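The values are calculated or read from the model by the stated rules, or taken from the named source; none is laboratory data. Remember, predicted model here, so these are calculated numbers, not experimental data. Cβ sites come from the backbone with ideal geometry, for glycine too, and all protein chains shown count toward neighbours.
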Amino acid sequence: MIRIGISGWRYAPWRGVFYPEGLAQRRELEYCGRHFPTVEINGSFYSLQRPEYYEQWYRETPAGFVFAVKGSRYITHMLRLANVEKPLANFFASGILALEDKLGPFLWQFPERFRFDPERLDAFFRLLPRTSAQALALARRRDARMTGRARLATGADRPLRHAIEIRHPSFVSDDFVSLLRKSGVGLVVADTAGKWPKLFDVTAPFVYVRLHGDKELYASGYTKRGLDAWAKRIRAWDRAGRDVYVYFDNDMKVKAPFDALSLMRKLGLEWQPAGPPLALRRAGERVPRAKFAYGPRVTGGNPAWSRLSAGADRRRS
């Protein structure tokens, strides 16, 4: 499975450029869900979100959609992974499990000055829940500050995935890669315009890619040649049997959504949901026309998520 999407969705400069003029802000996530099979939640990095937010995001996205969730900076940047069992419990109690079958990988981003510390990392990896049942058990150890704002329930027990984004050169180490593989934790392939290390080691059954810009961090778009290179890598990971998640984070100049759509076309990928999100079905609201939809392709009543033929891909280019 290859999923390509964007990092976050609430950006004022996107309005009237990617989002149609007049589209209500409350419907921006729904609009993204008509174009992409996945989105990265970044608000969870800055503060604990509330259960009702996750429940709302679940309702606003179509069946088959997946969220990646960025881990709390309180854990990674402030505590720097030390004494984090209770903060981790609070994080998982904050409503994340309400995403149910739409809960994808967790992203844990380390700060620029955080150095490779094998003992601290190993202890952190041991704390990370590998299933939703384990996450629920951890969430039950939350502290008093979560009173009235926790959700301690989940449906089916599902596997959870974790990926690490590093920014200090000390992580360019065989020992770090070995620790990730031993722990089953993914290594984020991060393109940061040359500012931080870019590693391509595959350490888990999936690959997590963050494209922050190849020339200017968070701002520059990707050329045809640049996207061709990423498409080649993604195809190789796919052939090797890895799931691939790709998120464009070059949002400052409204490049991210268009680059993501271009890469999808290069890979011959199509995302055409089979119907409106649950929230709109209940409210009877009209779904706005998708600006870049590739045409209907609905099979068996399920969201269509398939490869286009090479000929169809050429017609689109």
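Is region 283-305 home to any residue that is under 21 Å from the mean Cα position of the chain (by Cα), in a loop (DSSP other than H, G, I, E, B) and either within 28 Å of L160 (Cα to Cα) or at pLDDT 95 or above (or both)? Yes, some residue in region 283-305 is under 21 Å from the mean Cα position of the chain (by Cα), in a loop (DSSP other than H, G, I, E, B) and either within 28 Å of L160 (Cα to Cα) or at pLDDT 95 or above (or both).
Every condition in (1) under 19 Å from R151 (Cβ atoms); (2) surrounded by 21 or more Cβ atoms within 10 Å (Cβ to Cβ); (3) among the acidic types (D, E) is met by E30 except one, and the failing one is (1).
Checking Y58, Y54, Y46 one by one, the residue that is in contact with a Gly (Cβ under 8 Å, 6 or more places away or on another chain) and at pLDDT 95 or above is Y54 and no other.
Could you say which residue among D174, D101 is modelled with pLDDT of 95 or more, out of contact with any Asp or Glu (no Cβ under 8 Å at 6 or more places or on another chain) and closer than 30 Å to D214 by Cβ?
D174
Would you check if there is a residue in region 132-155 being at positive phi and loosely packed, with under 13 Cβ neighbours inside 10 Å? Scanning region 132-155, I find at least one residue that is at positive phi and loosely packed, with under 13 Cβ neighbours inside 10 Å, so the answer is yes. Within region 34-71, the set of residues being of a type in the set (S, T, N, Q), buried (at least 23 other Cβ atoms within 10 Å of the Cβ) and more than 26 Å from R265 (Cα to Cα) comprises S44 only. The condition of being surrounded by fewer than 18 Cβ atoms within 10 Å (Cβ to Cβ), basic (K, R) and either on the phi > 0 side of the Ramachandran plot or within 19 Å of the chain's Cα centre (by Cα) (or both) holds for only one of R233, R210, R161, that being R233.
Quickly run through region 149-171 and pick out the residues that are over 20 Å from R115 (Cβ atoms) and in contact with a Gly (Cβ under 6 Å, 6 or more places away or on another chain). Residue satisfying the conditions is R151 alone.
Just checking, how many residues over region 235-271 are in a helix (DSSP H, G or I) and in contact (Cβ under 8 Å) with a residue 40 or more places away in the chain?
12
Scanning region 109-131 for residues that are touching a Gly at 6+ places or on another chain (Cβ under 8 Å) and over 23 Å from K198 (Cα atoms) returns a single hit, R130. Scanning region 145-198 for residues that are charged (D, E, K, R) and part of a loop (DSSP other than H, G, I, E, B) yields R149, R151, D157, R158, R161, R167, K195, K198.
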